[in-house]
Amino acid sequence: MQLIINNKVYTDNSKEANENSYFVISKQNEKFVEDAKKNGCKEFIEAKDLKKHLDMSKIKVVGITGTNGKTTTAAAIYSMLLDLGYKVALQGTRGFFINDEKIEDYTLTTPVQLANFAHIQKALENGCQYFIMEVSSHAIEQKRIEGLDFELKVLTNITRDHLDYHKTIEEYIKVKNSFFDDESKKLVNKDDKNAKFNTKNALTYGLENPSTYNVSAYSFKNGTNVMFTKIDKVYSYTSSLMGIFNIYNIMAAVASVDMITDNSLEQICEVTENFAGVSGRMEIISSDPLVIVDFAHTPDGMKEVYESFNHYDIITVFGAGGDRDKDKRPLMGKIASDYAKTIIVTSDNPRFEDPDMIIEDICVGIKNKENLFVEINRKEAIKLAIEIGKKNPSSVVLILGKGDEPYQIIYDKKMPLVDKDEVLKHI
């Protein structure tokens, strides 16, 4: 990776380093410093000091972390700021965007240090006033965000995820919360029992517990209508997004925009209804039968989706990723059996694991197997769910786990597969 600032080349690759470049030292490459020297490099800089070489005074960086809701919350903030007339960049799971134009496709949720600064430089070149970014737990632990000064840090929630990497839920929670240890401006979900944060310069939002931005009432008639208070004043907004968890996501976005701009909350609430959501996140693919695709791939994420459709007969299709946290699989099965009338367990991204064994792990948590179907072929599983849904007008088909991912990972190969496309074949 290279970054050019004022005709000076910055690289984090020791093979590219030479007498005409700076070698940027990070946690990932510090063992290659001697190799860079051997290649003739004489200028070295710590990744945390990159900000001294780039004029960051004209752009405000907002970082969103959490197990669920990062992508939707970040996209909502981005959308609202654009609608309010600002120039904005967005970096995250879905790619890199500047002022409503996609610049780069799918990427890491949070790139390495040099890539972050390269994207910020590109945003500055395009006159952006805000840089909105998703921040993963991997990025926090690996110090990929070091050197960035955040105007605002946002916590959506902390539930079980990435235990293949962090090993224990306690370690995962600790890493997430470490993002909020400092005294920078922050916004935290007050209803999340795992949230621990430095209260200095912190505001909160929530539905259940007293908070700065406190949802007081909501309804799901013709979309979502929400009333909330800030201090002693009442505000309201409308959104087309469904589900309780999207009330949290949009509330976090509204509060964030309030904290980083001079716009009134009335102005901010006016533009919420323009945000149509994110592809693959609670995306309605069909209304007859009702079919929804979502990225939920953790027990808590699935529960939130199911609870939003308690008034329907739920038909659900899901699997679990291979070479990942195995302990969550029976928990996913249990959540599905608690809420769904019909369960179709299928393959997700098996990677190097046997998909049959992954499915077995999930089915351990499903006690009542009367309405359980096992279909290892994800395309066939989706077809089956729609066939069942067509026969029941009071049903909803919830296809979970992959969202808008355009592939299925089998071994180390990415095989084309889009859940939405498979649905449309049978509608």
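None of the figures in this text is laboratory data; all of them are computed from the coordinates on show. Note that the coordinates shown come from a computational prediction; the quantities given were computed from them, not determined experimentally. FYI the Cβ positions are ideal-geometry reconstructions off the backbone, even for glycines, and counts take in every protein chain you see.
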note = With only helices counted (DSSP H, runs n ≥ 4, each -39500 (n - 2.57)), the per-residue ellipticity at 222 nm for the chain, to the nearest 500, works out to -8500 deg cm²/dmol
message = I want the antiparallel fraction of DSSP beta bridges within the chain, as a percent rounded to 5.
response = 40
query = For segment 103-132 and segment 224-303, what is the separation of their C-alpha centers, rounded to whole Å?
reply = 25
note = Taking 426, 119 and counting other beta carbon atoms within 10 angstrom, the fewest-first order is 426, 119
ask   = Taking Cα atoms, how many degrees apart are the long axis of helix 378-390 and the longest axis of the chain, rounded to 10 and kept between 0 and 90?
value = 50
remark   = To the nearest 10 degrees, the tilt of helix 70-83 (Cα long axis) against the first principal axis of the alpha carbons of the chain is 70
query = In nm, to one decimal, how far is the modelled label at residue 327 from the one at residue 234, with both set 7 Å along Cα→Cβ?
reply = 4.6
query = Which whole number in µm²/s is D for segment 2-51 by Stokes-Einstein, with the Kirkwood Rh taken over Cα pairs at 4 °C and 1.567 mPa s?
reply = 124
note = Rounded to the nearest whole number, the Stokes-Einstein translational diffusion coefficient of segment 148-266 at 20 °C and 1.002 mPa s (Kirkwood radius, C-alpha pairs) in µm²/s is 140
Relative contact order [Cα under 8 Å, 6+ residues apart], segment 127-257, whole percent = 17
query = Between (1) 23.7; (2) 28.4; (3) 20.9, which matches mean projected area of the Cα convex hull in nm² calculated for the structure shown?
reply = (3)
ask   = Seen from all sides and averaged, what is the projected area of the convex hull of the Cα atoms in segment 308-427, in nm²?
value = 7.0
ask   = Roughly what % antiparallel, to the nearest 5, for the DSSP beta bridges in segment 1-69?
value = 35
inquiry  = Can you classify segment 56-274 as rounded, prolate or oblate using the Cα gyration tensor, where a ≥ b ≥ c are the square roots of its eigenvalues, rounded means a/c under 1.5, and otherwise it's prolate if a/b beats b/c and oblate if not?
reply    = oblate
